[in-house]
1. Can you tell me which residue among 21, 77, 63 is free of Cβ contacts under 8 Å to residues at least 12 places away in the same chain and surrounded by 13 or more Cβ atoms within 10 Å (Cβ to Cβ)?
2. Given 87, 104, 70, which one is assigned by TED's automatic domain parsing to the domain that holds residue 19 and either at pLDDT 80 or above or more than 30 Å from residue 13 (Cβ to Cβ) (or both)?
3. Out of the residues in the range 24-39 that are assigned to a helix (DSSP H, G or I) and within 14 Å of the chain's Cα centre (by Cα), state the one that is surrounded by the most Cβ atoms within 10 Å (Cβ to Cβ).
């Protein structure tokens, strides 16, 4: 960074200051820590002290939510196509707690499809 740019950065309000590449790297690394990093990402996303930090945190938080939704859709798709027993036999026994949640979604899907077919048939 040139000397003029550094001087300009010092004159800016703290709310609008940008970060260097190292800060971006370590902020992203910190926000990826399970639970603790997610808590701080939520806190930083709602904090108004620095716009750049807030944007980084919102991006990480959005990525986390997107990741959870995609994983849930993949699990639901596997459950609907090959069934829970086939998934368990395949060696994914860590999904046992998700069976109750998947059953709720399957029941909801069946109810919606039954309502749609009844409406079409009527």
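1. None of the others qualify; the one that does is 63.
2. Step by step, each of 87, 104, 70 is checked, and only 70 is assigned by TED's automatic domain parsing to the domain that holds residue 19 and either at pLDDT 80 or above or more than 30 Å from residue 13 (Cβ to Cβ) (or both).
3. 31
The values are calculated or read from the model by the stated rules, or taken from the named source; none is laboratory data. For clarity, every value in this text was computed on a predicted model and none was experimentally measured. With ideal geometry, Cβ positions are generated from the backbone for all residues, glycine too; neighbour counts draw on all protein chains shown.
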